[in-house]
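Have a look at the structure below before the remarks.
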Amino acid sequence: MSDTAMPEAIRAFVDTTNAGDSEGFVAAFTEDAYLNDWGREFHGREGVASWNESDNIGRNARFEAHSIRAGRMPGQYLLTVTVSGGGYNGPGVFTFDLRDGLIARFLIA
């Protein structure tokens with residue numbers, strides 16, 4: 001792992017996914033969260049829950065975190081992972097924007 005400490009919300013994102021904890025996963029996001037998965041957009045916790053069911057825990061996804069680094073803006077982090085499960089399998093970089101200790105924006109691109 002890198003020198004940057006992983007913020008609690010991002011750790012919760014990884015840990016709840018790996019534990020299959022949908023309630024905990026959605027709770028890591030702000031009420032007005034924005035999620036973009038290669039151009040597919042989801043809004044609010046309801047949208048996050050929908051994406052989680054169709055593309056994440058609902059597909060038995062697992063994340064192995066390799067490194068995290070600060071992004072270009074305050075509160076932004078880039079997490080390098082390997083994804084496995086019943087959907088996409090392979091490497092990826094996730095971009096998170098945090099607000100008030102929760103995930104306000106999550107981008108997969």
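The values are calculated or read from the model by the stated rules, or taken from the named source; none is laboratory data. Treat the numbers as computed from the prediction; the structure is a model and nothing was measured. In this analysis, Cβ positions are derived from the backbone assuming ideal geometry, glycine residues included, and neighbour counts consider all displayed protein chains.
Can G39 be described as at pLDDT 95 or above and more than 14 Å from I108 (Cβ to Cβ)? In short, no. Residues being surrounded by fewer than 16 Cβ atoms within 10 Å (Cβ to Cβ) and of a type in the set (A, V, I, L, M, F, W, C): count how many of those fall in segment 1-28. So the count comes out to 4. Across segment 71-98, what is the total count of residues that are β-branched (V, I, T) and closer than 16 Å to A12 by Cβ? Here the count works out to 1. Select from segment 29-52 the residues that are touching a Lys or Arg at 6+ places or on another chain (Cβ under 9 Å) and touching a residue at least 24 places away in the same chain (Cβ under 8 Å) and write down the one among them that is surrounded by the most Cβ atoms within 10 Å (Cβ to Cβ). So, considering only residues that are touching a Lys or Arg at 6+ places or on another chain (Cβ under 9 Å) and touching a residue at least 24 places away in the same chain (Cβ under 8 Å), the one surrounded by the most Cβ atoms within 10 Å (Cβ to Cβ) is F29. No other residue among E53, E41 is closer than 19 Å to G92 by Cβ and more than 12 Å from the chain's Cα centre (by Cα) apart from E41. Just to be sure, is S54 under 22 Å from A19 (Cβ atoms), of a type in the set (G, A, S) and assigned to a strand (DSSP E or B)? Here the answer is no, as S54 does not meet what is asked.
Filtering segment 82-109 to residues that are of a type in the set (A, V, I, L, M) and in contact (Cβ under 8 Å) with a residue 60 or more places away in the chain leaves L98, L102, I103, A104, L107, I108, A109.
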